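The values are calculated or read from the model by the stated rules, or taken from the named source; none is laboratory data. Since this is a predicted model, take the numbers as computed values, not measurements. Don't worry about glycine lacking a Cβ; one is built from the backbone with ideal geometry, like all the others, and counts go over all protein chains shown. Each accessible area value is taken on the protein alone, full model and side chains, heavy atoms only, with ligands, DNA and RNA left out. Shrake-Rupley method; radii C 1.70, N 1.55, O 1.52, S 1.80 Å.
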Amino acid sequence: MKDLKYLAALTIPISAFISIYFKGYLSFFTPFYAFVIIPVLEILLPHDTSNLEGEKLEQKSKSKIFDWMLYLNIPIVFGFVFYSLWDITTHAYPLYEIIGLVFSVGIVLGVNGINVAHELGHRQLTFERYLGKLLLLPSFYMHFYIEHNFGHHLHAATKEDPATARLNQTVYSFWFTSTLRQYSSAWKIQGKLLRADGLSFFSIKNDMVYYTLFQLSFLTLVFLFFGQLGVLFAVGSGIIGFLLLETVNYIEHYGLIRFKKPSGRYERVRECHSWNSNHVIGRIVLYELTRHSDHHYKSSKKYQTLDYHDISPQMPFGYPTSMVISFIPPLWFYIMNPRVPKEMKLNVNDFSLV
């Protein structure tokens, strides 16, 4: 039964169901659940620093139940998107209820969509990577697959990485710099991948073109079936979804930098280049994303086998709570800046944005 603990991630869609079904002020129940109830539970419940070993590690790494708990999110995510679109376009609701539903569905897209897509995007099986890309579609962030896998994991904790927040950068500034630079970076990486295979920009293997067409087709279908209001709702919830991702990106590597060797190359990514959290609620709701240090150390590991490392910088709170704190920059700087390793602060001038 302990293996089923990750079903707790489905409490996010359950909270969205409450928002959609009851409406009124409960339209905002999902953001309340995600950013108030979960943080309170994180503070009250203990940490868990234990790691899997031996036979138990081998068993869990091969168990398919952990994969199926990821796959389950696909019909849930798209079910919520299309039901919500049908609901708001066939009934008359006040503006505040629609705004609440945009946030509620957007949080589902971020947690059960993009976060699960991130996990599947690192898998070895082609069909799992396709499922991951599919989950990025309603958030209009399919380029994340290319930039994250071929860019972020190479450049994390360096000034070349759009998804690494520099010391004293606010989350609101980061939303703009990361979103724009990641999209631009994805096109550049795609170009390099094509040239490495001796192909031109107009090759049928240009995935960025496909991603653009898929996302435009999705919006076109939404417009044809649900009209202008449907498009506004889809775009709004998609934006909430990817801003949730960018907030997670912000806290994952905030202020951490890798040093250059005498050769001019950066040191390899180690466990000290990502913020780690062992808070139980955040771990299971986000499919162990909070053990981010080990994920960067060995990205091929499945979420249920990720380890805690003593040398990883530790967040004082879980990821959900930290996200809330990041929305108040002075409080975030007060809590997090003293925790950034001193040697990294001394080299902060080498981390200016390019």
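Data for the structure
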| item | result |
| --- | --- |
| Given (1) of a type in the set (A, V, I, L, M); (2) open to solvent by 10 Å² or more (accessible area, probe 1.4 Å); (3) under 22 Å from the mean Cα position of the chain (by Cα), number of the condition Ala9 does not satisfy | (2) |
| Residue check for Ser312: touching a residue at least 40 places away in the same chain (Cβ under 8 Å), small (Gly, Ala, Ser) and either open to solvent by less than 10 Å² (accessible area, probe 1.4 Å) or part of a helix (DSSP H, G or I) (or both) | yes |
| Pairs, first of a type in the set (Phe, Trp, Tyr) and open to solvent by less than 70 Å² (accessible area, probe 1.4 Å) in the stretch 49-74, second part of a helix (DSSP H, G or I) and modelled with pLDDT of 95 or more, C-beta under 6 Å, six or more apart | Phe66/Gln304 |
| Residue among Phe223, Phe174, Phe202, Phe218 that is open to solvent by 50 Å² or more (accessible area, probe 1.4 Å) and not in a loop (DSSP other than H, G, I, E, B) | Phe223 |
| Per-region count, the stretch 226-264, residues in a helix (DSSP H, G or I), touching a residue at least 40 places away in the same chain (Cβ under 8 Å), on the phi < 0 side of the Ramachandran plot and not aliphatic (A, V, I, L, M) | 14 |
| Condition broken by Leu256, with the remaining ones in (1) within 18 Å of the chain's Cα centre (by Cα); (2) within 22 Å of Thr170 (Cβ to Cβ) satisfied | (1) |
| The stretch 134-166, residues that are in contact with a Phe, Trp or Tyr (Cβ under 7 Å, 6 or more places away or on another chain), open to solvent by 10 Å² or more (accessible area, probe 1.4 Å) and within 26 Å of Val340 (Cα to Cα) | Lys159, Arg166 |
| Flag if Ser84 is out of contact with any Gly (no Cβ under 7 Å at 6 or more places or on another chain) and outside any helix (DSSP H, G or I) | no |
| Single unsatisfied condition, Pro320 versus (1) within 20 Å of Pro31 (Cβ to Cβ); (2) modelled with pLDDT under 95 | (2) |
